[in-house]
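Novice: Mind having a look at this structure? Questions to follow.
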Amino acid sequence: MPEKVKVRDRILNVATKLFYHQGFNQTGINQIIAEANIAIGSLYNHFPSKNDLLLAYLKKQEDEWFEGLEKFSEGANHPKERILRFVDFRIEQQQQSDFSGCPFIKIIAEIGTQDRKVQQLVEDHKYRQRMLLHGLFRQLDYDGPMDKKLLADNFFLMVEGATVNSTISRNIQALESVRKFIKKMIS
């Protein structure tokens with residue numbers, strides 16, 4: 001017999017699917033209630049507002065993103081391999097989501113920066129990615145034309161831009177170009 005999903009998790013799973021594919025503003029509370037097959041009181045017992053549900057969604061995305069990267073990078077022991085896996089992971093995410101893009105970029109693009117808590121979660125997620133890359137680049141045996149921190153920052157920005165580009169163009173060419181560039185730089 002399948003394990004019963006807890007109400008809170010069911011709500012969050014439905015909201016995750018809808019917020020990511022349909023958008024936060026286009027998703028109504030009634031739709032979440034209907035698709036999660038719950039009573040309105042159950043939703044508000046777990047999430048006092050739609051914004052609280054959004055914050056839980058972003059925290060879930062954060063956890064899943066870093067867990068996914070870690071799992072994807074298993075077996076890559078050298079920093080160069082892990083750097084390349086970073087962009088490979090983004091490529092895989094784009095392909096698996098049918099080029100739906102980064103959930104953090106999408107939320108900020110949709111709702112803007114008026115909500116300080118949302119803005120902070122998005123900033124923290126991107127900062128954590130940057131710090132991960134700084135650590136990997138610091139470990140490289142590299143004496144190229146720019147310092148490792150600058151190279152890590154530019155790599156991060158290239159991957160971010162290429163992810164947006166691949167969402168728009170619905171192909172991975174931009175991400176593959178970033179991969180080729182960084183591979184050449186750190187060889």
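The values are calculated or read from the model by the stated rules, or taken from the named source; none is laboratory data. Quick caveat: nothing in here was measured; it's all calculated off a predicted structure. Note that each Cβ is placed from the backbone with ideal geometry, even for glycine, and that neighbours are counted across all protein chains shown. Ligands, DNA and RNA are excluded from the accessible area calculation, which covers all protein heavy atoms including side chains. Shrake-Rupley method; radii C 1.70, N 1.55, O 1.52, S 1.80 Å.
Novice: Go through (1) outside any helix (DSSP H, G or I); (2) within 16 Å of the chain's Cα centre (by Cα) and name the single condition Asn25 misses.
Specialist: (2)
Novice: If you scan segment 44-97, which residues turn out to be in contact (Cβ under 8 Å) with a residue 60 or more places away in the chain, farther than 23 Å from Leu121 by Cβ and either hydroxyl-bearing (Ser, Thr, Tyr) or surrounded by 14 or more Cβ atoms within 10 Å (Cβ to Cβ) (or both)?
Specialist: Once the filter is applied, which keeps residues that are in contact (Cβ under 8 Å) with a residue 60 or more places away in the chain, farther than 23 Å from Leu121 by Cβ and either hydroxyl-bearing (Ser, Thr, Tyr) or surrounded by 14 or more Cβ atoms within 10 Å (Cβ to Cβ) (or both), segment 44-97 yields Pro79, Lys80, Ile83, Leu84, Val87, Asp88, Ile91.
Novice: I need the full set of residues from segment 28-50 which are among the aromatic types (Phe, Trp, Tyr) and part of a loop (DSSP other than H, G, I, E, B), in order please.
Specialist: The first filter runs over segment 28-50 and keeps only residues among the aromatic types (Phe, Trp, Tyr), leaving 44, 47.
Hit for segment 28-50 is Phe47, nothing else.
Novice: Still on this structure: Leu151 is checked against (1) open to solvent by 30 Å² or more (accessible area, probe 1.4 Å); (2) free of Cβ contacts under 8 Å to residues at least 40 places away in the same chain and fails just one. What number does that condition carry?
Specialist: Result: Leu151 fails condition (1) only.
Novice: Within segment 170-187, can you find the residues that are open to solvent by 60 Å² or more (accessible area, probe 1.4 Å) and either in a helix (DSSP H, G or I) or at pLDDT 95 or above (or both)? Talk me through it step by step, then tell me what you get.
Specialist: The first filter runs over segment 170-187 and keeps only residues open to solvent by 60 Å² or more (accessible area, probe 1.4 Å), leaving 170, 173, 176-177, 179-181, 183-184, 187.
Answer for segment 170-187, where residues must be open to solvent by 60 Å² or more (accessible area, probe 1.4 Å) and either in a helix (DSSP H, G or I) or at pLDDT 95 or above (or both): Arg170, Gln173, Glu176, Ser177, Arg179, Lys180, Phe181, Lys183, Lys184.
Novice: Residues of segment 113-145 being farther than 30 Å from Leu54 by Cβ and open to solvent by 60 Å² or more (accessible area, probe 1.4 Å), which ones?
Specialist: Across segment 113-145, the qualifying residues are Arg138, Gln139, Asp141, Asp143, Pro145.
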